[in-house]
Amino acid sequence: DKGFSREQAYRMVKRNAMKSWETGKEFRALIESDSKIMKKLTLEDLDYAFDLKAHFKNINMIFKRVGL
C-alpha cells in the first residue's frame, strides 16, 4: 500500500532482519534508520506494523473457525 512491490518490500525487510541478526541491533531501529523505507512510511505506520495486538485482534475468531 505504500508504493513498494512485494519483492522490494521483502528485500528491504530481509536486509534489515539479517543486519539485526548479525549485529544484535534492534530490528525496528534498523528499519527506522533505513532511508529508503522511511521515505514512504511514517512512525505511525511502524507502530502499527510492530503492534502485536493489531495482528492478533481476531485470533480467537480464527481459532474458533478452525475448531481449536
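For region 41-54, the count of residues that are basic (K, R) and either in contact with a Leu (Cβ under 6 Å, 6 or more places away or on another chain) or exposed (fewer than 10 other Cβ atoms within 10 Å of the Cβ) (or both) is nonzero. Figure legend. Inter-residue proximity from region 55-68: first residues modelled with pLDDT of 90 or more, second residues of a type outside the set (K, R) and exposed (fewer than 10 other Cβ atoms within 10 Å of the Cβ), beta-carbon distance below 9 Å, spacing 6+ or different chains. Indicated pairs: I62/L68.
Among the numbered criteria (1) on the phi > 0 side of the Ramachandran plot; (2) at pLDDT 95 or above, which single criterion is violated by F27? The one condition F27 does not meet is (1). Taking the criterion of being within 11 Å of I37 (Cα to Cα) and outside any helix (DSSP H, G or I), the residues of region 1-15 that qualify are K2, G3, F4.
When you check R28 against the structure, is it surrounded by 14 or more Cβ atoms within 10 Å (Cβ to Cβ), assigned to a helix (DSSP H, G or I) and of a type in the set (D, E, K, R), yes or no?
Working: surrounded by 14 or more Cβ atoms within 10 Å (Cβ to Cβ): yes; assigned to a helix (DSSP H, G or I): yes; of a type in the set (D, E, K, R): yes.
Against the criterion (surrounded by 14 or more Cβ atoms within 10 Å (Cβ to Cβ), assigned to a helix (DSSP H, G or I) and of a type in the set (D, E, K, R)), R28 qualifies.
Name the residues in region 44-59 that are closer than 16 Å to V13 by Cα and assigned to a helix (DSSP H, G or I), would you? Spell out the reasoning first.
Taking region 44-59 first, the residues closer than 16 Å to V13 by Cα are 45-50.
Those that are closer than 16 Å to V13 by Cα and assigned to a helix (DSSP H, G or I): D45, L46, D47, Y48, A49.
The values are calculated or read from the model by the stated rules, or taken from the named source; none is laboratory data. Bear in mind the structure is a predicted one, so any value in this text is a computation, not a measurement. Glycine gets a Cβ as well: all are built from the backbone with ideal geometry, and neighbour counts include every protein chain shown.
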